[in-house]
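Here is the structure we will look at, set down as structure tokens.
Just so it is clear, none of the values below were taken in a lab; they were calculated from the coordinates. These numbers come from a predicted model, not from an experiment.
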Amino acid sequence: MYPLIKITMKILVSMILFLLVTTGAFAQQDIISKVSNKYIDNYGITNVNRVNATSDSLDNKFYDPTHNALIDKTLDKLSNNMAYHNIMYSVSVPLEGESRRSSWGTSVRYVGLLKISWAINPTPAKSIEELTNWYISTIYVVEPKENIVQEYVKNSNIDGRFFYSKGNNLINFTVLSKTKNEMLRGTITINLPENERSKFARDFIESTIFEPTDTSLFTPGTGSPRTRDGSGRTRG
């Protein structure tokens with residue numbers, strides 16, 4: 001990777017983090033008191049050293065050592081505008097001689113770091129396009145359009161959008177509720193295979209429900225989600 005590209009990546013990462021924590025009247029919250037998502041565990045990270053260690057570990061595995069030295073994401077303290085969670089994504093891998101659809105396959109688990117903020121949508125309420133178009137345009141100042149992957153994710157309950165650069169391990173997302181005047185914005189640092197990044201981002205957004213997490217659905221001591229009986233909705 002050439003030095004100019006390295007510097008551009010540093011600027012891009014810095015810009016994403018700056019815009020994320022300075023946009024809107026965000027307040028640090030216990031995210032699971034506001035939303036449900038099968039990827040968000042029941043235990044947030046409240047220690048800055050743990051956040052930095054997780055971030056460093058992910059970057060050390062993604063970037064070559066020279067490039068990583070140019071990107072300093074070390075936090076002195078946790079932002080009052082953010083909540084921090086470990087996140088995990090499993091990718092099915094067939095056993096030798098079996099197809100991907102085979103039930104005999106296994107899975108590879110990818111661990112990531114979620115930084116997320118909840119807020120009230122501005123009044124009058126803005127669309128997902130209004131909230132994110134300027135953001136994408138700003139990123140294009142330092143990153144060629146052909147390097148950016150972006151997609152809308154919309155259903156009857158939410159409007160979402162994600163984007164990421166092919167040159168880094170950050171996924172940026174914004175999610176709006178269609179039933180409440182609420183929104184989420186955040187980043188996920190995760191080292192996924194290229195063909196899994198968009199799939200994971202779509203599923204993360206589609207799994208977001210703007211209601212508190214029922215903590216009784218988590219197995220004590222593990223944080224593993226159980227299945228909710230009788231409600232028509234399952235978790236995990």
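Among the listed pairs K34/K77; K34/K145; K77/K154; K61/K126, give every one whose C-alpha distance is greater than 31 Å. Cα-Cα > 31 Å for K34/K145; K77/K154; K61/K126; rest within.
Compared with the direct C-alpha span, the chain from T74 to R202 gains 43.3 nm at full extension, assuming 0.36 nm per residue. Computed on the Cα atoms alone, the convex hull of segment 112-195 gives a volume of 102 cubic angstrom per residue. The separation of segment 130-156 from segment 31-55, counted between C-alpha centres, amounts to 25 Å.
Would you please classify the overall shape of segment 159-209 from the alpha carbon gyration tensor, given that a ≥ b ≥ c denote the square roots of the eigenvalues, rounded means a/c under 1.5, and beyond that prolate means a/b larger than b/c while oblate covers the rest? Could the numbers behind the result be given before it?
Values: a/c = 2.99, a/b = 2.07, b/c = 1.44.
Cα axes put segment 159-209 in the prolate bin.
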